[in-house]
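The values are calculated or read from the model by the stated rules, or taken from the named source; none is laboratory data. Note that the coordinates shown come from a computational prediction; the quantities given were computed from them, not determined experimentally. Cβ sites come from the backbone with ideal geometry, for glycine too, and all protein chains shown count toward neighbours.
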Amino acid sequence: MTRVSTVSRRDFLKTTSLTAGATLLAGAPAALGQQGRELNVWHTEVEPQTVKTIQETSIAEFERKFPGFKVKQQALGWGDLNTKLLAALAAGSPPDLTHLNPFMTASLYVKHLLRPMDELIRALGESDIHEATLKLQHFDGKYYGVTHAMGATYFCERRDLREKKGLKPPETFDDMLKLCAALTEDGRYAIQVPGEKLYMGFVHPAEWLASNGGTWVDAKTWRPQLNGKSMLEILDYLQKLNRFQPAGWSGQKYLDTQAALATGKIAMSHLSGARAIGYIEKYAPENMRDPEHFTPMLRPRGPSGKIGMTTLDGENWAVFSQSKYPNEAFEFLKLFYKKEHYLAYCHSVPIHLTPIFKSMLNDPEYLAHPRIKKWKSWHDAMLAALRDKRLLPLGFTRPDDNLLPFLAELDGSSIVADMVVEVMVGQKPPKAEADRAQKRAEELLTQLGHKRWS
């Protein structure tokens, strides 16, 4: 991943002066029907079939309904989204409509950069949107985002290999280390963590903290907790976990881990979701392309945790106060969530793009997709994680993290990623690295004006 640089973070702070009105303009969109207009839409679904589906459904109907208006979609990976958005906002020229990582929303909201979308939420059916996503972008009684789709991240494991060892899915960090030791054999490694900064510095550390009774910051004082008991236990675990990974893993990307799993080089991918099914069906031996061999496995808990927590993957749509065509952006979203369009969108990456609407989760039309039928156990694992409240949005250590206005900057700083990689790859003493990260995080929050502790 291309991390947000210090310069980008400074550009982000510049946007505090951009306080254009944040209310949805009343009445019909003024620009619709005018010639030569372009609606810029950014999103994070980069797979070709998804881009094609959006073009042929929502975009095609929008352009038919409003001739003279063109929709330009840009698919950006997670590694590019935050950096490009912050630069566009600082320049005063953001897209009209975009995906945001949930941890960015509060940072933008407090700078008055987002438009509320209560009218849209009511039109979509407020009571039908799943509780896990409904109020992630809800501030001061108003909605500022709506999730595009729900997914869950897991370990993806070679279930057959674990069962041959007579071992159960791990419930604790210690169980996971024992499983890794058992599965590292015959030139195959047990596990691989993706090396991108976003994952090593934000996604997985949030999961580890949530699974071990920890948080990014103290709830009242906002003082970082990077050298607390929970994090030190996590770093000790990670240093041991590193023994069961292939050399050079920190230079490998998320998709590399999926290929390594499918081809038998590793027994577990640390970061996986239903997207992995496509890699399994393409690269795994033909007689193993099934859920009997490849299965999702939820996160274990740490010694100070009560239950293992994992990531609810789902960026939210957002419209900026600076957007050139805000009303048109909302009109586009109404078409995006139109049932036949949305069904085709979710089916473009089955199971990983799980609908946000409760009425669709068990809809026969949705479940009729061949991949969902074949891999139904993966769909059921997603629903079970939702039911058992084992999912938190990307980068969150607790539900109230959606109110923290500095998570985007923490992600961009590389503070946590540096700590984790030094401990795992460099085998540096956890306490020293944690103290160093704590000092850097305190300096960052002080610089941002968020210091509440004395």
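Going by the conditions given, is K178 exposed (fewer than 15 other Cβ atoms within 10 Å of the Cβ), in contact with a helix residue (DSSP H, G or I) (Cβ under 9 Å, 6 or more places away or on another chain) and basic (K, R)? Talk me through it step by step, then tell me what you get.
Values: exposed (fewer than 15 other Cβ atoms within 10 Å of the Cβ): yes; in contact with a helix residue (DSSP H, G or I) (Cβ under 9 Å, 6 or more places away or on another chain): no; basic (K, R): yes.
The answer is no for K178.
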Based on this model, can you work out whether A260 counts as in contact with a Pro (Cβ under 8 Å, 6 or more places away or on another chain), in a loop (DSSP other than H, G, I, E, B) and of a type in the set (A, V, I, L, M, F, W, C)? no
Confirm whether A88 is farther than 16 Å from I356 by Cα, free of Cβ contacts under 8 Å to residues at least 60 places away in the same chain and in the same structural domain as S359 (by TED's automatic domain parsing). yes
Scanning the stretch 382-408 residue by residue, the ones that are over 26 Å from L124 (Cα atoms) and part of a helix (DSSP H, G or I) total 2
Do you know which residues across the stretch 349-378 are crowded, with 21+ Cβ neighbours inside 10 Å and assigned to a helix (DSSP H, G or I)? Y366, W378
Test Y154 against the stated conditions and say whether it is buried (at least 22 other Cβ atoms within 10 Å of the Cβ) and farther than 30 Å from S304 by Cα. no
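Has the stretch 215-232 got any residue that is farther than 19 Å from A432 by Cβ, of a type outside the set (S, T, N, Q), touching a Ser or Thr at 6+ places or on another chain (Cβ under 6 Å) and outside any helix (DSSP H, G or I)?
Step one: filter the stretch 215-232 for residues farther than 19 Å from A432 by Cβ, giving 215-223.
Subsequent filtering for residues that are of a type outside the set (S, T, N, Q) retains 216-220, 222-223.
So of that shortlist, the ones also touching a Ser or Thr at 6+ places or on another chain (Cβ under 6 Å) come out as 216.
When the remaining residues are screened for being outside any helix (DSSP H, G or I), the result is 216.
Scanning the stretch 215-232 turns up at least one residue that is farther than 19 Å from A432 by Cβ, of a type outside the set (S, T, N, Q), touching a Ser or Thr at 6+ places or on another chain (Cβ under 6 Å) and outside any helix (DSSP H, G or I).
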Helices (runs of 4 or more DSSP H) wholly inside the stretch 116-190 containing at least 3 residues that are over 30 Å from I356 (Cα atoms): 159-164, 173-183
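What do you reckon, is Y199 within 20 Å of L271 (Cα to Cα), touching a strand residue (DSSP E or B) at 6+ places or on another chain (Cβ under 9 Å) and in a helix (DSSP H, G or I)?
Judged against the criteria, Y199 is a match.
Condition check: surrounded by fewer than 23 Cβ atoms within 10 Å (Cβ to Cβ) and either more than 29 Å from H204 (Cα to Cα) or touching a residue at least 12 places away in the same chain (Cβ under 8 Å) (or both). Does A132 satisfy that? Give the steps one after another, and end with the answer.
Values: surrounded by fewer than 23 Cβ atoms within 10 Å (Cβ to Cβ): yes; either more than 29 Å from H204 (Cα to Cα) or touching a residue at least 12 places away in the same chain (Cβ under 8 Å) (or both): yes.
When the stated conditions are applied, A132 passes them.
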Check L209 against each of (1) on the phi > 0 side of the Ramachandran plot; (2) in a helix (DSSP H, G or I) and name the one condition it does not meet. (1)
At least 3 residues that are out of contact with any helix residue (DSSP H, G or I) (no Cβ under 7 Å at 6 or more places or on another chain), modelled with pLDDT of 90 or more and closer than 26 Å to A344 by Cα in each: list the strands (runs of 3 or more DSSP E) lying fully within the stretch 3-115 that qualify. 37-43
So which of V110, V146 ends up being out of contact with any Ser or Thr (no Cβ under 7 Å at 6 or more places or on another chain), crowded, with 21+ Cβ neighbours inside 10 Å and at negative phi? V146
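Here's the yes/no breakdown for (1) in the same structural domain as Q225 (by TED's automatic domain parsing); (2) of a type outside the set (K, R); (3) on the phi > 0 side of the Ramachandran plot:
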site	(1), (2), (3)
L403	yes, yes, no
L407	yes, yes, no
S413	yes, yes, no
Q427	yes, yes, yes
E433	yes, yes, no
R452	no, no, no
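Output the residue which, of all residues in the stretch 233-257 that are assigned to a loop (DSSP other than H, G, I, E, B) and either over 24 Å from the mean Cα position of the chain (by Cα) or not assigned by TED's automatic domain parsing to the domain that holds D174 (or both), is nearest to S413 (Cα to Cα). Talk me through it step by step, then tell me what you get.
First, pick out the residues of the stretch 233-257 that are assigned to a loop (DSSP other than H, G, I, E, B): 245-248, 252-253.
From what is left, the residues that are either over 24 Å from the mean Cα position of the chain (by Cα) or not assigned by TED's automatic domain parsing to the domain that holds D174 (or both) are 246-248.
Details: P246: 27, A247: 26, G248: 23 Å.
Looking at residues that are assigned to a loop (DSSP other than H, G, I, E, B) and either over 24 Å from the mean Cα position of the chain (by Cα) or not assigned by TED's automatic domain parsing to the domain that holds D174 (or both), I get G248.
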